[in-house]
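Okay, structure first, notes after.
The values are calculated or read from the model by the stated rules, or taken from the named source; none is laboratory data. Remember, predicted model here, so these are calculated numbers, not experimental data. Methodologically, a virtual Cβ is constructed for each residue, glycine included, from the backbone with ideal geometry; neighbour enumeration extends over all protein chains shown.
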Amino acid sequence: AVTFDRFMEFNEIQDYMDEVNAAYPNLTTIVDLETTFLGKKIRGLRLSNSPGKRLVIMDCALHAREWMAPPVCLKTITELLDNYESNKELLDLVDWLVIPIANPDGYVYSFSTDRFWRKNRKIDLSSPCFGVDPNRNYDFHWGGENVSDPCSLTYPGTGPFSEKESLAVGGQLLANSGNIAIYLAIHSYGELILFPWGYTTELPPNAPELGATGNEAAAAVFAHRGMEYTTGTSAGLLYLQFGAADDFAMGMANVPYSYTWELPGGGTGGFNPPASEIIPVVTETWDGIVSMVRKAAEN
Ligand code: 0X9
Ligand code: ZN
(Lines give C-alpha, C1' and ligand atoms only; values in the text may rest on other atoms or scores of the structure.)
(Ligands and ions follow the chains in the order given, each with its own letter.)
Protein backbone atom coordinates (compact mmCIF):
# COMPACT_ATOMS: atom_id res chain seq x y z
CA ALA A 1 0.00 0.00 0.00
CA VAL A 2 0.99 3.60 -0.38
CA THR A 3 1.70 5.82 2.62
CA PHE A 4 2.38 9.52 2.96
CA ASP A 5 3.28 9.26 6.65
CA ARG A 6 6.92 8.45 5.93
CA PHE A 7 9.31 8.28 2.97
CA MET A 8 8.81 4.95 1.18
CA GLU A 9 11.78 2.82 0.16
CA PHE A 10 12.50 1.76 -3.41
CA ASN A 11 11.24 -1.83 -3.03
CA GLU A 12 8.03 -0.69 -1.39
CA ILE A 13 7.35 1.68 -4.25
CA GLN A 14 8.01 -1.07 -6.81
CA ASP A 15 5.57 -3.31 -4.91
CA TYR A 16 3.01 -0.54 -4.79
CA MET A 17 3.22 -0.15 -8.57
CA ASP A 18 2.50 -3.87 -8.97
CA GLU A 19 -0.43 -3.60 -6.54
CA VAL A 20 -1.91 -0.68 -8.42
CA ASN A 21 -1.43 -2.45 -11.71
CA ALA A 22 -3.27 -5.50 -10.35
CA ALA A 23 -6.06 -3.39 -8.87
CA TYR A 24 -6.63 -1.25 -11.98
CA PRO A 25 -5.74 -3.48 -14.95
CA ASN A 26 -7.94 -1.49 -17.32
CA LEU A 27 -6.37 1.85 -16.46
CA THR A 28 -2.69 1.04 -15.92
CA THR A 29 0.31 -0.50 -17.64
CA ILE A 30 3.76 -0.99 -16.13
CA VAL A 31 6.42 0.20 -18.53
CA ASP A 32 9.92 -1.19 -18.05
CA LEU A 33 12.25 1.55 -19.16
CA GLU A 34 15.91 0.70 -18.53
CA THR A 35 17.94 -1.41 -16.11
CA THR A 36 20.46 0.52 -14.03
CA PHE A 37 24.19 -0.05 -13.54
CA LEU A 38 23.39 -2.01 -10.36
CA GLY A 39 20.64 -4.01 -12.04
CA LYS A 40 17.53 -2.23 -10.79
CA LYS A 41 14.55 -1.64 -13.03
CA ILE A 42 13.51 1.90 -13.81
CA ARG A 43 9.77 1.61 -14.19
CA GLY A 44 6.98 3.86 -15.25
CA LEU A 45 3.25 3.51 -14.68
CA ARG A 46 1.16 4.49 -17.65
CA LEU A 47 -2.39 5.60 -16.88
CA SER A 48 -4.94 5.77 -19.65
CA ASN A 49 -8.72 5.42 -19.90
CA SER A 50 -8.94 5.45 -23.71
CA PRO A 51 -6.57 5.55 -26.68
CA GLY A 52 -5.60 8.47 -28.88
CA LYS A 53 -4.59 11.08 -26.33
CA ARG A 54 -1.48 13.12 -25.76
CA LEU A 55 0.81 12.25 -22.89
CA VAL A 56 1.95 13.82 -19.62
CA ILE A 57 5.39 12.57 -18.59
CA MET A 58 6.37 13.06 -14.95
CA ASP A 59 9.49 11.75 -13.22
CA CYS A 60 10.59 11.90 -9.61
CA ALA A 61 13.87 11.35 -7.75
CA LEU A 62 16.25 11.62 -10.69
CA HIS A 63 18.36 13.06 -7.86
CA ALA A 64 18.62 10.48 -5.10
CA ARG A 65 18.39 12.65 -1.98
CA GLU A 66 15.32 14.56 -3.12
CA TRP A 67 12.95 12.38 -1.11
CA MET A 68 9.99 14.74 -1.30
CA ALA A 69 9.68 14.03 -5.04
CA PRO A 70 8.47 10.37 -5.08
CA PRO A 71 5.49 11.22 -2.85
CA VAL A 72 4.40 13.74 -5.50
CA CYS A 73 4.51 11.03 -8.18
CA LEU A 74 2.64 8.66 -5.85
CA LYS A 75 0.05 11.33 -5.06
CA THR A 76 -0.55 11.70 -8.81
CA ILE A 77 -1.14 7.97 -9.13
CA THR A 78 -3.50 7.76 -6.14
CA GLU A 79 -5.50 10.81 -7.20
CA LEU A 80 -5.99 9.54 -10.74
CA LEU A 81 -6.90 5.99 -9.73
CA ASP A 82 -8.37 5.96 -6.21
CA ASN A 83 -10.28 9.18 -6.91
CA TYR A 84 -11.09 8.19 -10.46
CA GLU A 85 -14.67 9.43 -10.36
CA SER A 86 -13.79 12.96 -9.26
CA ASN A 87 -10.61 13.17 -11.35
CA LYS A 88 -11.87 11.36 -14.45
CA GLU A 89 -11.71 14.61 -16.40
CA LEU A 90 -7.91 14.52 -16.08
CA LEU A 91 -7.71 11.07 -17.65
CA ASP A 92 -10.20 12.11 -20.32
CA LEU A 93 -7.82 14.94 -21.25
CA VAL A 94 -4.49 13.10 -21.43
CA ASP A 95 -2.58 9.88 -20.72
CA TRP A 96 -0.03 9.95 -17.91
CA LEU A 97 3.37 8.27 -17.68
CA VAL A 98 4.58 8.52 -14.08
CA ILE A 99 8.10 7.41 -13.11
CA PRO A 100 8.23 7.50 -9.27
CA ILE A 101 11.94 6.63 -8.92
CA ALA A 102 14.00 7.70 -11.90
CA ASN A 103 17.33 6.92 -10.16
CA PRO A 104 16.89 3.66 -8.19
CA ASP A 105 20.60 3.03 -7.50
CA GLY A 106 21.10 6.48 -6.02
CA TYR A 107 17.78 6.41 -4.15
CA VAL A 108 18.60 3.09 -2.47
CA TYR A 109 22.07 4.38 -1.54
CA SER A 110 20.54 7.49 0.01
CA PHE A 111 18.59 5.19 2.37
CA SER A 112 21.36 2.68 3.09
CA THR A 113 24.50 4.76 3.31
CA ASP A 114 24.48 8.45 2.51
CA ARG A 115 21.28 10.44 3.04
CA PHE A 116 22.60 13.28 0.89
CA TRP A 117 23.73 11.32 -2.16
CA ARG A 118 22.66 13.09 -5.38
CA LYS A 119 23.97 11.21 -8.41
CA ASN A 120 23.59 7.63 -9.64
CA ARG A 121 26.10 4.95 -8.55
CA LYS A 122 28.01 4.37 -11.80
CA ILE A 123 31.56 3.19 -11.17
CA ASP A 124 34.35 4.64 -13.27
CA LEU A 125 37.47 2.57 -12.66
CA SER A 126 39.76 5.44 -13.62
CA SER A 127 38.26 7.72 -10.97
CA PRO A 128 38.25 7.72 -7.16
CA CYS A 129 34.62 8.91 -7.17
CA PHE A 130 31.29 7.29 -7.91
CA GLY A 131 28.32 8.56 -9.83
CA VAL A 132 27.11 10.70 -12.69
CA ASP A 133 24.52 13.47 -12.38
CA PRO A 134 21.75 12.16 -14.65
CA ASN A 135 20.35 15.68 -14.96
CA ARG A 136 23.53 16.74 -16.75
CA ASN A 137 23.62 13.69 -18.99
CA TYR A 138 20.85 14.39 -21.51
CA ASP A 139 21.73 14.66 -25.17
CA PHE A 140 21.03 18.37 -25.65
CA HIS A 141 23.86 20.86 -25.19
CA TRP A 142 25.66 18.21 -23.17
CA GLY A 143 28.95 19.03 -21.47
CA GLY A 144 30.30 22.44 -20.71
CA GLU A 145 30.97 22.07 -16.99
CA ASN A 146 32.79 19.49 -14.88
CA VAL A 147 33.26 17.12 -17.84
CA SER A 148 36.67 16.15 -16.54
CA ASP A 149 35.77 16.04 -12.84
CA PRO A 150 34.06 12.76 -11.90
CA CYS A 151 34.11 13.90 -8.28
CA SER A 152 31.88 16.87 -9.01
CA LEU A 153 28.28 16.73 -7.80
CA THR A 154 27.24 17.65 -11.32
CA TYR A 155 29.62 15.40 -13.27
CA PRO A 156 27.84 14.93 -16.62
CA GLY A 157 29.37 11.52 -17.45
CA THR A 158 31.56 10.37 -20.30
CA GLY A 159 29.12 11.41 -23.01
CA PRO A 160 25.47 12.26 -23.71
CA PHE A 161 23.12 9.49 -22.54
CA SER A 162 25.96 7.43 -21.10
CA GLU A 163 23.58 6.77 -18.15
CA LYS A 164 20.49 4.57 -18.01
CA GLU A 165 18.62 7.05 -15.81
CA SER A 166 18.67 9.82 -18.42
CA LEU A 167 18.15 7.36 -21.26
CA ALA A 168 15.06 5.91 -19.54
CA VAL A 169 13.17 9.20 -19.55
CA GLY A 170 14.90 10.60 -22.64
CA GLY A 171 13.89 7.54 -24.63
CA GLN A 172 10.24 8.06 -23.71
CA LEU A 173 10.43 11.75 -24.56
CA LEU A 174 11.82 10.93 -28.01
CA ALA A 175 9.53 7.97 -28.66
CA ASN A 176 6.48 10.14 -27.94
CA SER A 177 7.82 13.29 -29.54
CA GLY A 178 5.04 15.45 -30.99
CA ASN A 179 2.54 13.70 -28.77
CA ILE A 180 3.50 15.02 -25.33
CA ALA A 181 1.39 17.79 -23.80
CA ILE A 182 3.70 18.49 -20.88
CA TYR A 183 6.86 17.19 -19.20
CA LEU A 184 7.29 17.57 -15.44
CA ALA A 185 10.60 16.85 -13.70
CA ILE A 186 10.00 16.78 -9.93
CA HIS A 187 13.00 17.83 -7.83
CA SER A 188 13.81 19.60 -4.57
CA TYR A 189 14.40 22.05 -3.18
CA GLY A 190 13.78 25.78 -3.61
CA GLU A 191 10.07 26.45 -4.22
CA LEU A 192 10.75 27.13 -7.90
CA ILE A 193 8.84 26.43 -11.09
CA LEU A 194 11.59 26.34 -13.69
CA PHE A 195 11.25 26.28 -17.47
CA PRO A 196 13.82 26.27 -20.30
CA TRP A 197 16.36 27.16 -20.99
CA GLY A 198 19.06 26.13 -18.57
CA TYR A 199 21.88 26.09 -21.13
CA THR A 200 21.44 29.71 -22.26
CA THR A 201 19.92 32.88 -20.88
CA GLU A 202 18.00 33.29 -24.15
CA LEU A 203 14.25 32.65 -23.86
CA PRO A 204 12.29 30.00 -25.76
CA PRO A 205 9.65 31.41 -28.17
CA ASN A 206 6.77 30.37 -25.88
CA ALA A 207 8.33 31.81 -22.71
CA PRO A 208 5.27 34.04 -22.10
CA GLU A 209 2.93 31.01 -22.04
CA LEU A 210 5.37 29.02 -19.94
CA GLY A 211 5.63 31.88 -17.46
CA ALA A 212 1.88 32.48 -17.29
CA THR A 213 1.09 28.79 -16.84
CA GLY A 214 3.79 28.51 -14.18
CA ASN A 215 2.39 31.51 -12.32
CA GLU A 216 -1.12 30.07 -12.37
CA ALA A 217 0.18 26.80 -10.94
CA ALA A 218 2.08 28.74 -8.27
CA ALA A 219 -1.16 30.54 -7.34
CA ALA A 220 -2.97 27.20 -6.99
CA VAL A 221 -0.21 26.02 -4.65
CA PHE A 222 -0.21 29.27 -2.68
CA ALA A 223 -3.94 29.00 -2.00
CA HIS A 224 -3.36 26.07 0.37
CA ARG A 225 -1.07 27.47 3.09
CA GLY A 226 0.80 30.33 1.46
CA MET A 227 3.77 28.37 0.10
CA GLU A 228 5.37 30.85 -2.25
CA TYR A 229 6.88 29.62 -5.52
CA THR A 230 8.85 31.69 -8.02
CA THR A 231 8.46 30.97 -11.74
CA GLY A 232 11.21 31.59 -14.28
CA THR A 233 13.89 30.07 -16.47
CA SER A 234 16.58 27.84 -15.02
CA ALA A 235 19.38 29.99 -16.38
CA GLY A 236 17.68 33.14 -15.11
CA LEU A 237 16.77 31.95 -11.60
CA LEU A 238 19.70 29.59 -11.00
CA TYR A 239 22.79 29.40 -13.19
CA LEU A 240 23.75 27.89 -16.55
CA GLN A 241 23.32 24.12 -16.63
CA PHE A 242 23.94 21.77 -19.52
CA GLY A 243 22.34 18.49 -20.52
CA ALA A 244 19.27 18.72 -18.27
CA ALA A 245 16.01 16.83 -18.83
CA ASP A 246 13.68 19.82 -19.23
CA ASP A 247 15.87 21.42 -21.88
CA PHE A 248 16.05 18.10 -23.74
CA ALA A 249 12.27 17.68 -23.63
CA MET A 250 11.72 21.05 -25.27
CA GLY A 251 14.80 21.18 -27.49
CA MET A 252 14.92 17.63 -28.82
CA ALA A 253 11.45 16.14 -28.23
CA ASN A 254 9.44 19.26 -29.11
CA VAL A 255 7.53 19.24 -25.85
CA PRO A 256 5.72 22.59 -25.66
CA TYR A 257 5.39 22.75 -21.86
CA SER A 258 8.45 21.57 -19.96
CA TYR A 259 9.00 22.29 -16.27
CA THR A 260 11.23 21.38 -13.38
CA TRP A 261 9.53 21.74 -10.00
CA GLU A 262 11.81 22.44 -7.05
CA LEU A 263 9.63 21.42 -4.11
CA PRO A 264 9.92 23.03 -0.67
CA GLY A 265 13.00 22.15 1.39
CA GLY A 266 13.54 21.51 5.06
CA GLY A 267 15.96 19.95 7.54
CA THR A 268 19.72 19.63 7.05
CA GLY A 269 20.84 21.61 4.03
CA GLY A 270 17.25 21.74 2.77
CA PHE A 271 17.33 18.15 1.54
CA ASN A 272 15.97 16.52 4.69
CA PRO A 273 12.44 17.74 5.38
CA PRO A 274 10.54 15.80 8.06
CA ALA A 275 8.01 13.20 6.98
CA SER A 276 5.29 15.39 8.52
CA GLU A 277 5.79 17.71 5.54
CA ILE A 278 4.85 15.06 2.97
CA ILE A 279 1.08 15.47 3.17
CA PRO A 280 1.05 19.29 3.02
CA VAL A 281 3.55 19.30 0.13
CA VAL A 282 1.86 16.66 -2.00
CA THR A 283 -1.55 18.20 -1.39
CA GLU A 284 -0.59 21.69 -2.54
CA THR A 285 1.66 20.43 -5.35
CA TRP A 286 -1.08 18.25 -6.79
CA ASP A 287 -3.26 21.33 -7.29
CA GLY A 288 -0.40 23.06 -9.09
CA ILE A 289 0.14 20.06 -11.34
CA VAL A 290 -3.55 19.86 -12.20
CA SER A 291 -3.54 23.54 -13.11
CA MET A 292 -0.54 23.06 -15.42
CA VAL A 293 -1.84 19.92 -17.08
CA ARG A 294 -5.24 21.51 -17.81
CA LYS A 295 -3.52 24.49 -19.39
CA ALA A 296 -1.11 22.36 -21.44
CA ALA A 297 -3.91 20.07 -22.62
CA GLU A 298 -5.87 23.03 -23.98
CA ASN A 299 -3.06 24.02 -26.32
O1 0X9 B 1 20.47 21.41 -11.02
C2 0X9 B 1 19.51 20.67 -11.29
O3 0X9 B 1 19.61 19.64 -11.94
C4 0X9 B 1 18.12 21.08 -10.77
N5 0X9 B 1 18.25 21.56 -9.42
S6 0X9 B 1 18.56 20.49 -8.20
O7 0X9 B 1 18.79 21.24 -6.98
N8 0X9 B 1 17.29 19.59 -7.96
O9 0X9 B 1 19.67 19.67 -8.57
C10 0X9 B 1 17.55 22.16 -11.65
C11 0X9 B 1 17.41 21.80 -13.10
C12 0X9 B 1 16.66 22.86 -13.84
N13 0X9 B 1 16.70 22.71 -15.28
C14 0X9 B 1 17.76 23.10 -16.04
N15 0X9 B 1 18.81 23.61 -15.53
N16 0X9 B 1 17.64 22.96 -17.34
ZN1 ZN C 1 17.30 17.63 -8.39
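Just a few scattered comments:
Here's the yes/no breakdown for (1) within 16 Å of ligand 1 (Cβ to nearest atom); (2) under 17 Å from the mean Cα position of the chain (by Cα); (3) within 20 Å of Asn272 (Cβ to Cβ); (4) buried (at least 21 other Cβ atoms within 10 Å of the Cβ):
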residue: Val31; (1), (2), (3), (4): no, yes, no, no
residue: Leu45; (1), (2), (3), (4): no, yes, no, yes
residue: Ser48; (1), (2), (3), (4): no, no, no, no
residue: Ile57; (1), (2), (3), (4): yes, yes, no, yes
residue: Glu89; (1), (2), (3), (4): no, no, no, no
residue: Ser112; (1), (2), (3), (4): no, no, yes, no
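- Residue list for segment 210-264, filter: surrounded by fewer than 16 Cβ atoms within 10 Å (Cβ to Cβ) and either assigned to a loop (DSSP other than H, G, I, E, B) or among the basic types (Lys, Arg) (or both): Arg225, Gly226, Glu228, Leu238, Tyr239, Leu240, Asn254
- Test for Asp95: is it over 24 Å from Arg6 (Cβ atoms), more than 16 Å from ligand 2 (Cβ to nearest atom), crowded, with 17+ Cβ neighbours inside 10 Å and charged (D, E, K, R): yes
- Filtering segment 140-180 to residues that are away from ligand 1 (no atom under 14 Å from the Cβ) and under 25 Å from Thr230 (Cα atoms) leaves only Ile180.
- Scanning segment 165-196 for residues that are in contact with a Ser or Thr (Cβ under 9 Å, 6 or more places away or on another chain) and either within 26 Å of Asn272 (Cα to Cα) or within 14 Å of ligand 2 (Cβ to nearest atom) (or both) yields Glu165, Tyr183, Leu184, Ala185, Ile186, His187, Gly190, Glu191, Leu192, Ile193, Leu194, Phe195.
- Taking the numbered list (1) part of a helix (DSSP H, G or I); (2) more than 30 Å from Leu27 (Cβ to Cβ); (3) hydrophobic (A, V, I, L, M, F, W, C) in turn, Val147 passes all entries but (1).
- Total residues in segment 181-191, condition more than 11 Å from Met292 (Cβ to Cβ), more than 8 Å from ligand 1 (Cβ to nearest atom) and in a strand (DSSP E or B): 1
- Remark: Val255 matches the filter, which requires a residue to be within 16 Å of ligand 1 (Cβ to nearest atom) and either among the β-branched types (Val, Ile, Thr) or at positive phi (or both).
- Glu165 satisfies every condition listed in (1) modelled with pLDDT under 95; (2) among the acidic types (Asp, Glu); (3) assigned to a helix (DSSP H, G or I) except (1).
- Members of segment 61-79 found to be within 11 Å of ligand 1 (Cβ to nearest atom), touching a helix residue (DSSP H, G or I) at 6+ places or on another chain (Cβ under 8 Å) and either closer than 17 Å to Asp246 by Cα or part of a helix (DSSP H, G or I) (or both), listed by number: Ala61, Leu62, His63
- Per the listing Val20, Val56, the residue uniquely within 22 Å of Val282 (Cβ to Cβ), in a helix (DSSP H, G or I) and at pLDDT 95 or above is Val20.
- Glu209 meets the conditions (1) more than 20 Å from Glu34 (Cα to Cα); (2) within 14 Å of ligand 2 (Cβ to nearest atom) in every case but one. The failed one is (2).
- Residues of segment 91-110 that are of a type in the set (A, V, I, L, M), more than 23 Å from Gly157 (Cβ to Cβ) and more than 14 Å from the chain's Cα centre (by Cα): Leu91, Leu93, Val94.
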